[in-house]
1. Can you list the lysines whose alpha carbon sits under 20 Å from that of K84, skipping same-chain ones fewer than 8 residues off?
2. Starting with the highest mean, order 235-246, 40-51 by the number of other Cβ atoms within 10 Å, averaged over the residues of each peptide.
3. Rounded to the nearest 500, what is the chain's calculated 222 nm mean residue ellipticity when only DSSP H runs of at least 4 contribute -39500 (n - 2.57) each, over all residues?
4. Can you compute the FRET efficiency between A46 and T204 using 1/(1 + (r/R0)^6), with r the Cβ-Cβ distance and R0 = 41 Å? Round to the nearest 0.05.
5. Taking Cα pairs under 8 Å and at least six residues apart, what relative contact order does the chain come out at, in percent?
6. Taking only the alpha carbons of region 120-165, what extent do you get along each of the three principal axes, in Å, biggest first?
7. Which three extents, in whole angstrom, do the alpha-carbon atoms of region 1-81 cover along their principal axes, largest first?
8. Going Cα to Cα from K178, which lysines come in below 20 Å? Please leave out same-chain ones fewer than 8 positions away.
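Throughout, read-outs are computed from the coordinates displayed, never taken from laboratory work. All of these numbers come straight from a predicted model, not from anything done at the bench. Cβ placement follows ideal geometry from the backbone for every residue including glycine, while neighbour counts extend to all protein chains displayed.
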Amino acid sequence: QVNWKISKDNAEPVQTGTAQIKDGVATVTGKLDEPGFLRCDVTFAAPSQGNLAAAAAAGIDVTEIRPALPVPDDFVAFWEGKKKELAALPMDPKMTEVPAPADRPGTRVFDVQLACTGGAPVSGYYSMPTDAKPKSAPALLIVDGAGVRNSDFLGPIRYAQKGFIAMTINAHGIPNGKPKEFYSALDTGELKDYRVRGRDNRDTFYFVGMYLRVLRALQFLQAQPEWDGHTLMIMGGSQGGGQAIAGAALEPKVTYTLAAIPGLCDFAGATAGRIGGWPKPIPKGADGKLDPAVVEATRYADGTNMATMIKSPIHFYIGFVDLITPPTCEYAAYNVIPGPKSVENRPANGHNHDDPKFWNMVSETLINKAKEQQGGAPATP
């Protein structure tokens, strides 16, 4: 006998029950009368193995899912104002060359700090081929997932070996190259609440500053003499996927975006009777209703609204049984993108794109897309 739960992508309404296994099979049925995802979770108390669990989900009319709330009337004006503030601040790049790994020949690596509005500088690693000629290289920005950590050191180097100028930035503008304990202390201390910090004011919501750091990093790549002047790509997963959406929205010169299992989309899903997007920043009051001030403020960093400004090609990877960045929220953003777009549905995947084969595929996609764009062919998803 197994216990089962059927839900609307882990939101109400929820049905529960038990099913008797006969000849190794038990059947559970459910339905959804609106666009969205129907999810089934099954648990079994195995005598020798403890509790076993499995999940499956089906998408119903997923291309009809829409954001829970419309784009604010002054959304574009809000971000144009933020961009003007950023433009008024000199970038003031500080680049400190650090030794490239011995097994990564032909590359140069720099620890980079850039002045930025939004409460913190940009902090990351930049790498380039040692023999890169002026106006020769495609540019790639890699943005970080959730948590508090050092910028990815090897990420840009791998792409520099493939002819890119590439940069990774940490999400918080914190120093690079510190001991692990340094980042752990920030994670449990000063930055413990970053996911909800400033959430009741659109100017102070933490992700607004994070998006401005993404934009400044893209500006830095464009300022490099080795950049080919055209190919500008951005890639990230989870929180990084949400940042990638924002970067493509704020920087019209981006030519290709890859957003894997993106978070930061459709925060207010509960207002439409659905799941809310990671990091679920909107609290409920004693009356069970969502905090209206937070609902309003977080709209200005919502990926579903950012997505409406993307004109260049973008590709999504979506896992159907992802509880952290739910597929309902991701499709709410994907469906409103006006530019060229494509999606790879991964029905069996949760929030676990840690398979090396997956990231090898991502790398191959970016390399091939850069070749296509540098060759003058139309940029397609």
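1. List returned: K253.
2. With the highest mean Cβ count within 10 Å placed first, the list reads 235-246, 40-51.
3. Values: 9 runs with 96 residues, N = 381.
Value at 222 nm, helices only: -7500 deg cm²/dmol.
4. Details: r = 49 Å, r/R0 = 1.19.
After rounding, the FRET efficiency stands at 0.25.
5. Over the chain, the number comes to 15 percent.
6. Sorted largest first, the three principal extents are 35, 20, 14 Å.
7. The principal-axis extents, from largest down, are 62, 27, 18 Å.
8. Of all the lysines, those that pass the test against K178 - Cα under 20 Å, at least 8 places apart if same chain - are K94, K192.
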